[in-house]
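Structure first, commentary second.
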Amino acid sequence: MLFRGNKLLIFKMAWRNLWRHKRRTVITLFAMAVGLAFSIPTIGLMEGMSKQMVDGITKMHLGDLQIHQKDYPEEKGIRQVLPYKLITEIDQYDGVKAVAPRIYSGGMISASKKIESRIRGVDNFEKLKIIHGEMDRKNRCLVAVDEDTAIKYKLKPGNELILSPLPVEEACEKITIGGIFKGRNLDYSLIFMLKKQVKLIFASKDEVDDPLAEEGDDIDNFKKLDDAGGEEIGNSSVEDSDSKPKDNSKLKLGPAQGKYTFVRNYSQPVGVSAVEPTREIKVSNMYKSIISGEYLSNQWSRNKPDRVETEIIIGKKLAELLNVKVGNIVGMDAVTMANYPLDRLFKIKGIFKTGLDRLDRNVVYIHIENGWDTQFIGLRNKKKKVVHELAVSLYNHGDNSKVATDIRKELDDNLIVRIWQNIEPAMASIVATSNVMTNLILAIILIIAGFGTMNTMLMSVMERIKEFGVLKSIGMKPFFVATLILIETVFLTLGAIFIGCSLGLFFQSWLIDKGIDLNALLPNGFTFQGVVIDPVWKAIFTWSGLFIPIYMLIFVSLVVALWPALRAARVKPVEAFRKHK
Amino acid sequence: MFKLKYVYPIIFIFIYFVPQVEAKKWGKCSWNTKKIVDKADRIMFAKTTAGKMVMKVKKSDYSSTIKMKFYSKGRDKMSVKIYSPSRLKGMSTLKVNNKVWYYMPRTDRIVKVNSSMMSSSWMGSHVTNDDLVKETQLQKHYTCHSSKSDKTFHVVTLKPKPSAPVVWGKIVMKIRKQDNIPVSSKYYSEKNKLERTMKFSDIREIDGRKIPAKMRLSPAGKNEYTEIYYKKIRFNVSIPGRYFTIRGLKR
């Protein structure tokens, strides 16, 4: 009846009721609004984190999905390959952004550092102030090196330096560092070694025809030893002729000091990844991790690689181990398709730092043509180019299982397609867990806000019981009273949504833009299960991230308002008047 | 006190002499077995050896053949130089004591093999760098567990001594009776699982010695092998010391 007369009356009443207790209404409004304002950026942050994790996994190296020969993931055999031509096919599937071919091998990278040093002969090492190491007299090629040089070239006792050029026979060809002595701020490197050995190094040798120079069948030219057939020979009886220079007549001993160049060899086993730069940068973010120099360029000329050094990028830790900088030359041998190793010189184009120890220390990237080059890895199948892996990146991470099934249908049986969740199941479950966590946090925030709302509504109902008694006694139906309370709640909720959204979106835009910088807390970067996560934690905006908390707020507040509404509807006028005078 | 003069020698006799009598057995086998095993183990051993060999590596579906010259002196010095195929020509390996160096001629580099590379394969074969370095002497590092012999062969099972620096848990050797030439060796892991088999064949007389000219090493459970065939060997020749130096690697 009242309803029929003025449809807006109930809204007007609800609105007025709200503003009869301004302070309480405003506080409730803000409690709800702040709840919402927190939920929106929280969801943004949590979604940002799982996106960062997924990005970290897929864009570091993995890609959204990978295609291999079916035994490759298990065995990593160099001949378990797939055709390079497959790329053009894969490229045409819906949702595929880019495909990157990769060839893997293993090898040893080595760099040599030239150290130019003065050598000075001593009769014995006793007078030197050795601060580190021990001078063992048994080794005739033992030396002591000054502290500054040792620090500069990272020399430790036990390290070996090879003389360059190699001196004539009988002199030491490599020296072993026995001790490090305290230098007096020398502006040059200084090495002390036994006087006699220094003399041998600087000895001038008259031209002696070297029987080794000829490539002939030297084996037949060896003379038989006198006591041939002596089978009962222990180790001790094998004479070490190196340590006993017998034929010194041809040597003119030189001075006991001078300059010489020593070569320090650093070597490290590495995994070799041959990639196609133009395609690789669309799949992986590795090029962003370059801290000095540049990423691989796409230059490759067919006949050059053995004359001009080809490009390589290496990790920061590896660069430290090898003691090299951008522009230095390193040599690397890699296991080839014919099983044996072949080597090639490379010029360091860039140094990357991903924060992942495994990558920064043990992985190098070279141009994929090195992988197909028969003078190097030579990965070809009947002269056709083949690769070990195709990494596929998609426009949308979420599509990967769908695209994987699509690709799977068309492929040969000996190939497999795996999504990153299958390759890194531990990471996948972590990402899934973090999504559950997001919803849990959201629910907790809104439930707290909801109880605040319930409290307010209940209080205002209790206060106004007398009024409801009046309303009831003049013929208002319980349904009307309940609706009135619910409409008051709706008004509150709408106000809260408006304020909460504006506040929340304001916070979120700041988090999207600036993010939370965790660098101070995690100075060495943040890696988790072999995935690098950006230390600046940024939120992302999604429509679901905005609407889910709004829907949840409306739902929660209506649910909690039901009880006060029912309470008001069930008021009996007589009792109301008796109790509340 | 003068009596102690006589007592001490008696004690010494007990300490030194008695165990020697017992040690005339080698583990659970006779002293003679030890001699047989040692002879088979050192069938190729000489003061120095020099020769040419062909190494054939077969892996699942690909194979390579490498020809090389080798020089060795005692147990601790060895140098190998490849002369074919042309791609690898000049590549050499030097082993002195327990260190290994490679020389890569194409890039003129000398690479010292560090400890983490020791377990990787040598020239793509089934032999690891560790196998090159670790010179195990069967009679020194192993004791006999059981031995059987029939008309033509001795079959000896060896187990490592507790402190021996070896990787195998058991070795079963089959040795030809007539001339103590090994026929096969089976290497088992510590869990008693067959890991690799070495077969010796093509017994012929080279440079005054009867030796198996062909050795085939195959890992268990795979259709793969590394075969070494000696084309030429000369025993006990005077090899200049420079062959076993870094200078010699680069030549």
Qualifying residue in the range B:104-126 (condition: part of a strand (DSSP E or B), more than 7 Å from every other protein chain (Cβ to nearest Cβ) and farther than 21 Å from B:SER185 by Cα)
no
Scanning the range B:83-101 for residues that are at the interface with another protein chain (Cβ under 10 Å from one of its Cβ atoms) and touching a helix residue (DSSP H, G or I) at 6+ places or on another chain (Cβ under 8 Å), which turns out surrounded by the most Cβ atoms within 10 Å (Cβ to Cβ)?
B:TRP101
Residues being more than 17 Å from A:LYS572 (Cα to Cα) and not in a helix (DSSP H, G or I): count how many of those fall in the range A:471-515.
2
B:VAL172: passes all of (1) more than 14 Å from chain A (Cβ to nearest Cβ); (2) in contact with a strand residue (DSSP E or B) (Cβ under 9 Å, 6 or more places away or on another chain); (3) within 30 Å of B:ASN236 (Cα to Cα); (4) modelled with pLDDT under 90 but (4)
Name the residue that is farthest from A:LEU190 (Cα to Cα), counting only residues in the range A:260-285 that are hydroxyl-bearing (Ser, Thr, Tyr) and within 14 Å of chain B (Cβ to nearest Cβ).
A:SER267
Return the residues of the range A:414-438 that are free of Cβ contacts under 8 Å to residues at least 60 places away in the same chain and of a type in the set (S, T, N, Q); say none if nothing qualifies.
A:GLN421, A:ASN422, A:SER429, A:THR433
Can you go through B:ALA46, B:ALA50 and tell me which one is touching a helix residue (DSSP H, G or I) at 6+ places or on another chain (Cβ under 6 Å) and either closer than 30 Å to A:GLY378 by Cβ or among the small types (Gly, Ala, Ser) (or both)?
B:ALA50
Just one of the numbered conditions (1) assigned to a strand (DSSP E or B); (2) surrounded by fewer than 18 Cβ atoms within 10 Å (Cβ to Cβ); (3) away from chain A (no Cβ under 14 Å) is not true of B:LYS191; which one?
(1)
Within the range B:195-251, take every residue that is acidic (Asp, Glu) and either surrounded by 20 or more Cβ atoms within 10 Å (Cβ to Cβ) or in a strand (DSSP E or B) (or both) and give me the one that is farthest from the other protein chains (Cβ to nearest Cβ).
B:ASP202
Residue check: is A:GLY158 in a loop (DSSP other than H, G, I, E, B) and under 30 Å from B:PHE244 (Cα atoms)?
yes
Which count do you get for residues in the range A:69-83 that are surrounded by fewer than 21 Cβ atoms within 10 Å (Cβ to Cβ) and at negative phi?
10
Could you tell me whether the range A:52-68 includes any residue that is of a type in the set (Ser, Thr, Tyr), surrounded by 21 or more Cβ atoms within 10 Å (Cβ to Cβ) and over 30 Å from A:PRO535 (Cβ atoms)?
no
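The values are calculated or read from the model by the stated rules, or taken from the named source; none is laboratory data. All values derive from a computational prediction rather than experimental measurement. So basically every Cβ, Gly included, is an ideal-geometry build from the backbone, and we count neighbours across all protein chains shown.
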